[in-house]
2 protein chains.
Amino acid sequence: MSKEKPSIPKGTRDFGPAIVVKRNYIFGVIKRTFEKFGYLPLETPAMEQLSVLTGKYGEEGDQLIFKILNSGDFLSKTSAEDIAKGSKHVTRKISEKALRYDLTVPFARFVVMNRNEITFPFKRYQIQPVWRADRPQKGRYREFYQCDADVVGTNSLLCEAEIVQMIDEVLSTLGLKDFTIKINHRGVLAGIAEAIGEKGREADICVAIDKLDKIGAEGVRKELLERGISAEAVSKLEPLYDLAGSNEEKLEQLQALLGETAEGQRGLKDLREVWTYLAQLGSYALTTENPSGQPRLMLDVTLARGLSYYTGCIFEVKVNNVSMGSISGGGRYDNLTGMFGMPGVSGVGFSFGVDRIYDVLEELELFPNSSQVGTRVLIVQFDKESELYALPVLQKLRDAGIAAELYPEAAKLKKQLGYADQKNIPFALLIGSEEMASGKLKLRDMQAGEQRELTIDEIITQLTLSPA
Amino acid sequence: MSKEKPSIPKGTRDFGPAIVVKRNYIFGVIKRTFEKFGYLPLETPAMEQLSVLTGKYGEEGDQLIFKILNSGDFLSKTSAEDIAKGSKHVTRKISEKALRYDLTVPFARFVVMNRNEITFPFKRYQIQPVWRADRPQKGRYREFYQCDADVVGTNSLLCEAEIVQMIDEVLSTLGLKDFTIKINHRGVLAGIAEAIGEKGREADICVAIDKLDKIGAEGVRKELLERGISAEAVSKLEPLYDLAGSNEEKLEQLQALLGETAEGQRGLKDLREVWTYLAQLGSYALTTENPSGQPRLMLDVTLARGLSYYTGCIFEVKVNNVSMGSISGGGRYDNLTGMFGMPGVSGVGFSFGVDRIYDVLEELELFPNSSQVGTRVLIVQFDKESELYALPVLQKLRDAGIAAELYPEAAKLKKQLGYADQKNIPFALLIGSEEMASGKLKLRDMQAGEQRELTIDEIITQLTLSPA
């Protein structure tokens, strides 16, 4: 047995009780919203066949997949020749399983494996950790949770409208008051490329304008030229960076610009339909005013996001006046399961970045003051006699559904109250000889420092009525 | 990209929505009970340093740990000499991380790493998957959840009494009506060994009598003799297999037998104290009658359970009249963190076997009829006009907190109702031209097949009042 001081792998984290409770609060809000919109939970194993994951995330992604060593005498399948060929070659010989890299490929794999049992449209959400052998740095972990919702098997744009609603509802419920849901469409981007005379070049254009926030218009111009976009096209593109006016006005300006392109038309038609759905649903995102003046929902033609994958509407969410990347995003795709030889499964999905949302709620102090869980009252133990008296009191509290503890030893009062403080227990119950004689127990409000003498029934009433 | 039919690794499982919902129901009951007793959640990373896990589970256990291949050019640290020494030697050169094997070692590691921040007694629960490279077979998985609660830093036997209460409350809340919580004590086992003239041999004795259920008294006798226990000692031992009478009577018989042994005395004293706590708490386990006649709480001196680890009370729970191994178990230990060079951390813990509990609830049909989550009402879509009318209705339902969906396309009625059936949605809402004109919408009870015409407000009232 090693006696060295133990540690955890770089890029991983322990979540102690206080943090788990806060994270679960976020997960709870997200789950309840997903379920209100008809999404149901799916869980897939942490381990996937390596062959299921390989080739799905590009060359670079393949390198970042955590591979699991075969058990037993794994070298028995390798020859000296194999070894000589190097690590990459040997990996396939000594590893058949790997940790999932995201939730999308396992979802696609699940849909393909269960195609005959699934009723479409299939709405699933999935909240599970993923693992990436990335270099750990601030805000980037090797083990972190993803939080995805997807509906596959329908082309209805009601799904896109409901995604806007779900994002709005989750973030509003969490107490955020100033955020912008940016929306764009792959067809609009293709139409723009065509309209500026660079048809089919939208991938290059998007990679460049995706950096607009970071490197500015001048930087984007430089990159576009380097990527072989003509100076004339770039000049035609630039006015789009800050399309003025309301979403409706933007749609009209784009109509004038993209009216002739089939892809542009498709994009604008879809976007208008999403707006119609939202209007008919009375969406709060359409009517809520952000304090910053930024719109709650904004058509943003510079939003590019993962072009290789998405084919229709795309989303991204930014909290205004907080220095933090996007906290949610997603889009529509044509072909979820083609990678496994099952064509024609289209859908739309999005995800929340829980680590970022956590940091935003901390920064804005939006976590509820006292948590929903955790002990509500600690009974202090003075001696064997008070312990004996306290036991049925403890049981009465728990029977009333109140989380309660009796300190398990007759330690010093200071130590016991310190325990309550550390655990954020809002009340302590002190039962000395006087209290036992009178039946009036001392209930101490830990925050206010005040004590009241109450019967156990009065205490139960008070703790049941006061907010958790 | 591979087009072969994808699969999941042997011994792992996908959990589709219906199963996740049922599993979450079990987890929810367990969590609420743990929290009511003051236990708070901890989460540790799936990946631990290999050095943290190695040597903690014995030679055999080390083989069953899933090791993670180092990223990048992992072979660069190995020489031809290393390779020649074989897989076991090479493992240490190409793997530094591994998947956790249980929740106890990560908990011990957490306590050691955070010893200065933790307030003791520290009550934590942890519900997370673990991984074992075991040969998969029926009921044995390579990825499965463990569900542990431990309190460390106190010797109070109140903790043991509360464990009995938590087991009783969880299983009762889940609807189980006939189960037995078996309890024994390491000191009693040591005392028995001494009393029959085989002092210090309790490990051998326990390994043998642990098999009593499987191989019977004759088989146990044979094994004991093979292990070098004298025939005389075995004959003295055998009357203990079926100690008659109530728990109180058993304690008295044991008192007569073990009265002279220090360890036996310690065990009996502890057990009596647990009983005193339970009596004073008014424990239901003491007063509830199992339909089968088996006691709810039973002192069982043949209960042996993981002797190398436990030092005080030990527990195991069996559902009566169901062919299934123990569904919960645990015990007190002296030295949680000694493996990491931190002595003196004693505690007591237990865990629930969620896969087994799931199977028992299925077998006894104890899962609630309709789940707490999932869509409550599906609005059927006939055409564009009905869709337009339905959208604000949908919003009204959701605003009232009712999980609702509008079928996203005007598919055939049969298909839409089939979707509701598949998803176990209890109500369908049909809005045709007549309904739009009158404002009286058709609410169809999917199970009963009955339809009623109601206004949207009446529908909300009904769905809010009727149990989920």
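The values are calculated or read from the model by the stated rules, or taken from the named source; none is laboratory data. Because the structure is predicted, anything quoted here is derived from the model rather than measured. Neighbour counts run over all protein chains shown; Cβ positions are idealised from the backbone, glycine included.
If you go through the range B:318-345 one residue at a time, how many are aromatic (Phe, Trp, Tyr) and either part of a loop (DSSP other than H, G, I, E, B) or in contact with a strand residue (DSSP E or B) (Cβ under 9 Å, 6 or more places away or on another chain) (or both)?
Here is the first cut: in the range B:318-345, the residues aromatic (Phe, Trp, Tyr) are B:333, B:340.
Adding the requirement that they be either part of a loop (DSSP other than H, G, I, E, B) or in contact with a strand residue (DSSP E or B) (Cβ under 9 Å, 6 or more places away or on another chain) (or both) leaves B:333.
Residues flagged as aromatic (Phe, Trp, Tyr) and either part of a loop (DSSP other than H, G, I, E, B) or in contact with a strand residue (DSSP E or B) (Cβ under 9 Å, 6 or more places away or on another chain) (or both) within the range B:318-345 amount to 1.
Scan the range B:118-174 for residues that are facing chain A (nearest Cβ under 10 Å), in a loop (DSSP other than H, G, I, E, B), more than 21 Å from B:Thr311 (Cα to Cα) and not charged (D, E, K, R) and the total you get is 4. Among the residues of the range B:69-86, is any at pLDDT 95 or above and in contact with a Gly (Cβ under 9 Å, 6 or more places away or on another chain)? The answer is no, given that none of the residues of the range B:69-86 is at pLDDT 95 or above and in contact with a Gly (Cβ under 9 Å, 6 or more places away or on another chain).
Scan the range A:198-205 and tell me whether some residue there is buried (at least 16 other Cβ atoms within 10 Å of the Cβ), modelled with pLDDT of 95 or more and either within 14 Å of another protein chain (Cβ to nearest Cβ) or not in a loop (DSSP other than H, G, I, E, B) (or both). No, that holds for no residue.
Being without any contact (Cβ under 8 Å) to a residue 40 or more places away in the chain, away from chain B (no Cβ under 14 Å), over 19 Å from A:Tyr241 (Cα atoms) and not charged (D, E, K, R) is the requirement here; does A:Ser292 meet it?
Considered against the rule, which asks whether it is without any contact (Cβ under 8 Å) to a residue 40 or more places away in the chain, away from chain B (no Cβ under 14 Å), over 19 Å from A:Tyr241 (Cα atoms) and not charged (D, E, K, R), A:Ser292 comes out as no.
Looking at the range A:419-435, is at least one residue farther than 21 Å from B:Gly153 by Cβ and out of contact with any strand residue (DSSP E or B) (no Cβ under 8 Å at 6 or more places or on another chain)? So far as the range A:419-435 goes, yes, one or more of its residues are farther than 21 Å from B:Gly153 by Cβ and out of contact with any strand residue (DSSP E or B) (no Cβ under 8 Å at 6 or more places or on another chain). Screening A:Tyr101 against (1) among the hydroxyl-bearing types (Ser, Thr, Tyr); (2) more than 8 Å from chain B (Cβ to nearest Cβ); (3) surrounded by fewer than 17 Cβ atoms within 10 Å (Cβ to Cβ) leaves a single unmet condition, (3). When the range B:346-372 is filtered for residues that are buried (at least 21 other Cβ atoms within 10 Å of the Cβ) and within 14 Å of chain A (Cβ to nearest Cβ), the ones remaining, listed by number, are B:Gly347, B:Val348. Across the range A:311-332, the qualifying residues are those that are more than 19 Å from the chain's Cα centre (by Cα) and modelled with pLDDT under 95, and the one among them that is surrounded by the most Cβ atoms within 10 Å (Cβ to Cβ) is A:Thr311.
The one condition from (1) over 23 Å from the mean Cα position of the chain (by Cα); (2) at positive phi that A:Leu189 does not meet is (2).
Restricting to the range A:262-301, give me the number of residues that are in contact with a Cys (Cβ under 9 Å, 6 or more places away or on another chain) and not in a helix (DSSP H, G or I). Steps first, please.
Quick first cut of the range A:262-301, residues in contact with a Cys (Cβ under 9 Å, 6 or more places away or on another chain) only: A:267, A:270-271, A:274.
Remaining after also requiring not in a helix (DSSP H, G or I): none.
Here the count works out to 0.
Taking the condition of being at the interface with another protein chain (Cβ under 7 Å from one of its Cβ atoms) and among the basic types (Lys, Arg), how many residues in the range B:1-12 meet it?
Filtering the range B:1-12 for residues at the interface with another protein chain (Cβ under 7 Å from one of its Cβ atoms) gives B:1-3, B:6-9, B:12.
Next, only the ones that are among the basic types (Lys, Arg) stay: B:3.
Summing the residues that are at the interface with another protein chain (Cβ under 7 Å from one of its Cβ atoms) and among the basic types (Lys, Arg) in the range B:1-12 gives 1.
For B:Gly11, the conditions (1) over 34 Å from the mean Cα position of the chain (by Cα); (2) at pLDDT 95 or above are fulfilled apart from (1). Scanning the range A:43-57 for residues that are more than 9 Å from chain B (Cβ to nearest Cβ) and either touching a residue at least 60 places away in the same chain (Cβ under 8 Å) or among the aliphatic types (A, V, I, L, M) (or both), which turns out nearest to B:Arg398 (Cα to Cα)? By that ranking, first place goes to A:Leu53.
Note on the range B:400-422: among residues that are in contact (Cβ under 8 Å) with a residue 24 or more places away in the chain and not aliphatic (A, V, I, L, M), the one that is nearest to B:Met446 (Cα to Cα) is B:Asp421. Annotation: B:Lys412 fulfils all but one of (1) within 21 Å of A:Glu117 (Cβ to Cβ); (2) at pLDDT below 95; the unmet one is (2).
Report, by residue number, each residue of the range B:313-345 that is within 14 Å of another protein chain (Cβ to nearest Cβ) and not aromatic (Phe, Trp, Tyr).
Filtering the range B:313-345 for residues within 14 Å of another protein chain (Cβ to nearest Cβ) gives B:332, B:335-343, B:345.
The answer is B:Arg332, B:Asn335, B:Leu336, B:Thr337, B:Gly338, B:Met339, B:Gly341, B:Met342, B:Pro343, B:Val345.
Among the residues of the range A:225-236, none qualifies, meaning not one is in a helix (DSSP H, G or I) and within 17 Å of A:Glu316 (Cβ to Cβ). Of the residues making up the range B:399-438, those that are within 15 Å of B:Ile456 (Cα to Cα), within 13 Å of chain A (Cβ to nearest Cβ) and surrounded by fewer than 21 Cβ atoms within 10 Å (Cβ to Cβ) number 4.
State whether one or more residues within the range B:104-115 are over 26 Å from B:Asp355 (Cβ atoms), assigned to a helix (DSSP H, G or I), at pLDDT 90 or above and at the interface with chain A (Cβ under 7 Å from one of its Cβ atoms). Outline the logic, then answer.
Applying the first criterion (over 26 Å from B:Asp355 (Cβ atoms)) to the range B:104-115 yields B:111-115.
Keeping just the survivors that are assigned to a helix (DSSP H, G or I) gives B:111-113.
Going one step further and asking which of them are at pLDDT 90 or above, we end up with B:111-113.
In the following step, the residues that additionally are at the interface with chain A (Cβ under 7 Å from one of its Cβ atoms) were identified as B:112-113.
Looking for residues that are over 26 Å from B:Asp355 (Cβ atoms), assigned to a helix (DSSP H, G or I), at pLDDT 90 or above and at the interface with chain A (Cβ under 7 Å from one of its Cβ atoms), one finds at least one in the range B:104-115, hence yes.
Of the listed requirements (1) assigned to a loop (DSSP other than H, G, I, E, B); (2) more than 26 Å from A:Glu202 (Cα to Cα), A:Tyr309 misses just one: (2). Under the condition of being within 8 Å of chain A (Cβ to nearest Cβ), within 30 Å of A:Lys10 (Cα to Cα) and surrounded by 21 or more Cβ atoms within 10 Å (Cβ to Cβ), the residues counted in the range B:13-42 number 3.
Right, B:Leu258: under 27 Å from B:Ile167 (Cβ atoms), surrounded by 16 or more Cβ atoms within 10 Å (Cβ to Cβ) and either in contact with a His (Cβ under 9 Å, 6 or more places away or on another chain) or among the small types (Gly, Ala, Ser) (or both) or not? Give the derivation first.
Details: under 27 Å from B:Ile167 (Cβ atoms): yes; surrounded by 16 or more Cβ atoms within 10 Å (Cβ to Cβ): yes; either in contact with a His (Cβ under 9 Å, 6 or more places away or on another chain) or among the small types (Gly, Ala, Ser) (or both): no.
So B:Leu258 fails the test.
Looking at the range A:223-236, can you tell me whether even one residue there is in contact with a helix residue (DSSP H, G or I) (Cβ under 7 Å, 6 or more places away or on another chain) and within 20 Å of A:Met298 (Cβ to Cβ)? Scanning the range A:223-236 turns up no residue that is in contact with a helix residue (DSSP H, G or I) (Cβ under 7 Å, 6 or more places away or on another chain) and within 20 Å of A:Met298 (Cβ to Cβ). Residue count for the range B:50-85 satisfying the condition of being farther than 22 Å from B:Phe144 by Cβ and either hydrophobic (A, V, I, L, M, F, W, C) or in a strand (DSSP E or B) (or both): 6.
Against the test of being within 14 Å of chain B (Cβ to nearest Cβ) and modelled with pLDDT under 95, the options A:Tyr284, A:Tyr277, A:Tyr241 yield a single qualifying residue, A:Tyr284. Taking the listed residues B:Lys67, B:Lys77, B:Lys93, the one that is in contact (Cβ under 8 Å) with a residue 12 or more places away in the chain and facing another protein chain (nearest Cβ under 7 Å) is B:Lys67, with no other qualifying.
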